[in-house]
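Step one of this worksheet: look at the structure below.
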Amino acid sequence: MSSKQLAQGSEEPPEGNQRRHPIEPPFTNLVGQPLVARFLTAACAGKTPSHAYLFLGPLGAGKTEAAHALASALLCPQGGCGSCDECIRVAHRTHPDYHIIEPLGAAGYLAEQAADLIHDVSLAPIRASRKIYLITRADLLKGAAANALLKTIEEPYENVSFILLARTRDAVLPTLLSRCQALPFRQIPESEATCSLMERTGVDEAMARRAFAAAGGSRLRAEEFIMSRERRQTRIALIEMLERLPLSDDLDVLEAVKSLFVRFKQPLDAVKVEQQLQRDASKDFLSKGSMTALEQQHKRELTSRERETIGEALDVIRSYLRDILLVRLGKANEIVNDDFYFHIEKFAVTLDEAAITRSLIAVDRAQEQIQYNSKELALEALFFVVRDELTHKGLT
């Protein structure tokens, strides 16, 4: 181990945990949600799934994980064995009959998204006996997009199921809420979530907390973060860039952001290869319309993956700035990026709370901008703001 690793703590999970965690049957790992797991297990076992589910609960409650598990249970011929090709494709988000729909507009879902979805619903499944549509932000379904989807849910196709996610009932249109089977997810205590992640991955508490910070509180994404060497290395590179910002000129900032996007695109290249293999394997038996639908799904998936990757980078930046604020407020025991404590303390001594707060607000602004502006420009603007704030008191 290098001296730098000794100083900062190893970023490697324990031996034996560097491979992807084995895929397990659905609902067995819904941490802290026994009632939800029991309800979904009974619904799938009785072959009586609802045509539309609405998962309600706070960030980190496991709604997305539950959605993936339900999709596996409904698309797998064995009801979610966890090991067949259907389950593996769902787990990897490459199943052609499992559609994950995220908002593409600045204020939510676009009308053309709803139109594409309605058209796709009318097409036959490609591999499985049914099709699953995951709507990740039901709270952003408004106007024409919501009206179009309402009609589809109200008159569902027999082989189609919708899964909608939202944080609260109040955020969802009443007409949409009335057409779905609503399942509440409870807030999982941080200690319980951390212990579960440690058990699943074998990492220590410090690493588990860093993973949760990088994943924005999502246990599923935190586990994927731990298992990904690339993502752990990107976290380190991001924080090192933040530490160098006070000494960076404009060209340095632009080059730093450019190097970040090179990192961001590496995992997407692997997804593109997998998608191309899937299209090549399907072209001989899919109709032209089905191939077009598959290509559109792949494009949406790439957009979603890219947004997730940049969102994770913003979560890392946010957690680092928050640590500076915590040390400034005398709460050093609550920080998560303790492997970079030296510079965190240095910034905390030099900066005032207002400068740190303005930097955090800039991160939130960048989070909004990546939804509809150039993602690279959004990060460049963020880095310039943070640099100016970090040098506000003449830090060098």
Revision key, fill the gap. Pairing a residue in region 51-66 that is surrounded by fewer than 22 Cβ atoms within 10 Å (Cβ to Cβ) with any residue that is assigned to a strand (DSSP E or B) and hydroxyl-bearing (Ser, Thr, Tyr), where Cβ atoms lie under 6 Å and the two sit 6 or more apart in sequence or on different chains, gives 51/161
Point to revise | Residue in region 364-379 that is open to solvent by less than 60 Å² (accessible area, probe 1.4 Å), in contact (Cβ under 8 Å) with a residue 12 or more places away in the chain, of a type outside the set (Phe, Trp, Tyr) and more than 21 Å from residue 104 (Cα to Cα) present | key: no
Revision key, fill the gap. Note: among 313, 270, just one is touching a residue at least 40 places away in the same chain (Cβ under 8 Å) and in a helix (DSSP H, G or I), namely 313
Practice item. Hey, could you check region 219-230 for residues that are surrounded by fewer than 24 Cβ atoms within 10 Å (Cβ to Cβ) and within 13 Å of the chain's Cα centre (by Cα) and say which is modelled with the lowest pLDDT? Key: 220
Exercise for review: Using the structure shown, decide if residue 203 is outside any helix (DSSP H, G or I), under 30 Å from residue 343 (Cβ atoms), among the β-branched types (Val, Ile, Thr) and open to solvent by less than 20 Å² (accessible area, probe 1.4 Å).
Suggested key: yes
Practice item. Give the residue, chosen from 91, 71, that is of a type in the set (A, V, I, L, M) and surrounded by 23 or more Cβ atoms within 10 Å (Cβ to Cβ). Key: 71
Check your understanding: Which of (1) open to solvent by less than 40 Å² (accessible area, probe 1.4 Å); (2) farther than 21 Å from residue 38 by Cα; (3) in a helix (DSSP H, G or I); (4) touching a Lys or Arg at 6+ places or on another chain (Cβ under 9 Å) is the odd one out, the single condition residue 152 does not satisfy?
Key -> (4)
Check your understanding: Just a yes or no: is a residue in region 96-106 assigned to a loop (DSSP other than H, G, I, E, B) and over 26 Å from residue 267 (Cα atoms)?
Key -> no
Check your understanding: What residue, among those in region 167-188 that are under 22 Å from the mean Cα position of the chain (by Cα) and among the charged types (D, E, K, R), is most open to solvent (accessible area, probe 1.4 Å)?
Key -> 167
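The values are calculated or read from the model by the stated rules, or taken from the named source; none is laboratory data. Please read all numbers here as calculations on a predicted model, not as lab measurements. For neighbour counting, all protein chains shown are included, and Cβ atoms are generated from backbone atoms with ideal geometry for every residue, glycine included. Quick note on the areas: whole protein, heavy atoms, side chains included, nothing else; ligands and nucleic acids left out. Shrake-Rupley method; radii C 1.70, N 1.55, O 1.52, S 1.80 Å.
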